[in-house]
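Data first, discussion second: the structure below is written as structure tokens.
The values are calculated or read from the model by the stated rules, or taken from the named source; none is laboratory data. Model, not experiment: these values are computed from the prediction. Here the Cβ positions follow ideal geometry from the backbone for every residue, glycine too, while neighbour counts run over all protein chains shown. With ligands, DNA and RNA removed, areas are computed over all heavy atoms of the protein, side chains included. Shrake-Rupley method; radii C 1.70, N 1.55, O 1.52, S 1.80 Å.
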Amino acid sequence: MSIVILGVDLGKNACSVVGLDAAGAVIVRRSMRRQTLIDYVTKLPACVIAMEACCGAHNLGRLFAAQGHEIRLMSPEYVRPYVKAQKNDDRDAEGIAEAASRPTMRFVGLKTQEQLDIQTLHRVRSRLVAERRSLINQLRAILLERGTIFPAGRRKLELGIDAMLAAEDKNLSPRLRQLVGELRAEWRELDTKIEALNGEFIELARNDVAARRLTSIPGIGVLNATALIAAVGDASSFAKARDLGAWLGLVPRQHTTGGKPRLLGISKRGNTYLRTLLIHGARAVKRRRELGRGRHVKLGPPFILRR
């Protein structure tokens, strides 16, 4: 009997595999290493290969799609209800195969290598920004303990620390002055790395037609546009705009029972990073329009980089 749907529970080293026939019965149940899995799928006739949309799934999905297989990636939260009894890798693979056979299941589009590259750049930049924020907060706390307070704002703190290090401040011991100088040098290094990534995003947006179109929307800058392209890819997979908003978690969470509708706050599902960028972009537009109420306000060039 031939395999119609192959459910794969991915692991770093070992993967569990369950194959279903046309009737949905399990005809294959195995555990194999990643390279063995690739060789095994190469020998299979064209079938549906189902996996959770997790780390490594897109890479394997492209390899299997090139061999003529149909790839179905699913969010882990949609697979969970199909896992029966006790949870283990074998049950997970069986649940993945069964979930992929459902006609109402929602699937994740297979990302290209270019999309994954852009997504990786965003994740690295996000980590660097978080490190810089943590370093700045630590600097403020260190100096506050010595009675030195700076106004709110990163730029004001930057100028204040540079002036303090250049002058003779008796509130700081020689060792602490050296430590603050080292932290300031680390801050400059993080700034350099972040600005280098910002330059890459600007070049990506200039050379991509979809990104240029997105940056013409008020509140959508280079970061928002490239993050949208990396996460969404082909937006035609959404039937309507509200579906995209629901995928991003920007629509009200619903708790309806007994025919009585009840809408709560936004659901906050999906990509937290992308949702955060879009919310900050909307706040920036709202703020500028409030400041310019009563007169025409120019929202700025399309290639403005919103942090």
Original post:
Which residue out of Ala196, Ala231 is buried (at least 18 other Cβ atoms within 10 Å of the Cβ) and either in a helix (DSSP H, G or I) or β-branched (Val, Ile, Thr) (or both)?
Top reply: Ala231
Subject >> Search result, residues across the stretch 98-142 that are closer than 18 Å to Pro76 by Cβ and either outside any helix (DSSP H, G or I) or open to solvent by 80 Å² or more (accessible area, probe 1.4 Å) (or both) >> reply: Ser101, Arg102, Thr104, Met105, Arg106, Phe107, Val108, Gly109, Leu110, Lys111
Original post:
Can you name the number of the only condition in (1) assigned to a helix (DSSP H, G or I); (2) in contact with a helix residue (DSSP H, G or I) (Cβ under 7 Å, 6 or more places away or on another chain) that Arg155 fails?
Top reply: (2)
**OP:** Check off (1) within 22 Å of the chain's Cα centre (by Cα); (2) assigned to a loop (DSSP other than H, G, I, E, B) for Lys170 and give me the number that stays unchecked.
**Re:** (1)
Original post:
Within the stretch 258-277, how many residues turn out to be β-branched (Val, Ile, Thr) and not in a helix (DSSP H, G or I)?
Top reply: 1
Original post:
Tell me, which residue of the stretch 143-162 that is of a type in the set (Asp, Glu) and open to solvent by less than 70 Å² (accessible area, probe 1.4 Å) is nearest to the chain's Cα centre (by Cα)?
Top reply: Glu158
Original post:
Only one residue in Ala210, Ala205, Ala166, Ala225 is among the hydrophobic types (A, V, I, L, M, F, W, C) and open to solvent by 80 Å² or more (accessible area, probe 1.4 Å), so which one is that?
Top reply: Ala166
**OP:** State which residue is surrounded by the most Cβ atoms within 10 Å (Cβ to Cβ) when the search covers only the stretch 169-193 and only residues that are farther than 30 Å from Glu114 by Cα and among the charged types (D, E, K, R).
**Re:** Arg184
Subject >> Output for the stretch 219-246, where each listed residue is touching a helix residue (DSSP H, G or I) at 6+ places or on another chain (Cβ under 8 Å) and more than 26 Å from Val124 (Cα to Cα) >> reply: Phe238
**OP:** Report whether or not Ile202 is of a type outside the set (Asp, Glu), touching a helix residue (DSSP H, G or I) at 6+ places or on another chain (Cβ under 9 Å) and in contact (Cβ under 8 Å) with a residue 60 or more places away in the chain.
**Re:** yes
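Here's the yes/no breakdown for (1) basic (Lys, Arg); (2) under 30 Å from Glu158 (Cα atoms):
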{"position": "Val26", "(1), (2)": "no, no"}
{"position": "Arg29", "(1), (2)": "yes, no"}
{"position": "Val41", "(1), (2)": "no, no"}
{"position": "Gly68", "(1), (2)": "no, no"}
{"position": "Ser75", "(1), (2)": "no, no"}
{"position": "Arg80", "(1), (2)": "yes, no"}
{"position": "Asp92", "(1), (2)": "no, no"}
{"position": "Gly109", "(1), (2)": "no, no"}
{"position": "Thr120", "(1), (2)": "no, yes"}
Subject >> Unmet requirement for Arg132, which otherwise passes all of (1) touching a residue at least 60 places away in the same chain (Cβ under 8 Å); (2) closer than 30 Å to Ala66 by Cα; (3) of a type in the set (D, E, K, R) >> reply: (2)
**OP:** Starting from residues that are touching a Ser or Thr at 6+ places or on another chain (Cβ under 7 Å) and open to solvent by 30 Å² or more (accessible area, probe 1.4 Å), keep the ones in the stretch 1-41 and report whichever is farthest from Ala57 (Cα to Cα).
**Re:** Gly24
Original post:
Counting only residues that are touching a residue at least 12 places away in the same chain (Cβ under 8 Å) and exposed (fewer than 10 other Cβ atoms within 10 Å of the Cβ), which one in the stretch 259-276 is nearest to Ile220 (Cα to Cα)?
Top reply: Gly265
Original post:
Just checking, how many residues over the stretch 234-258 are of a type in the set (Gly, Ala, Ser), open to solvent by 70 Å² or more (accessible area, probe 1.4 Å) and free of Cβ contacts under 8 Å to residues at least 40 places away in the same chain?
Top reply: 4
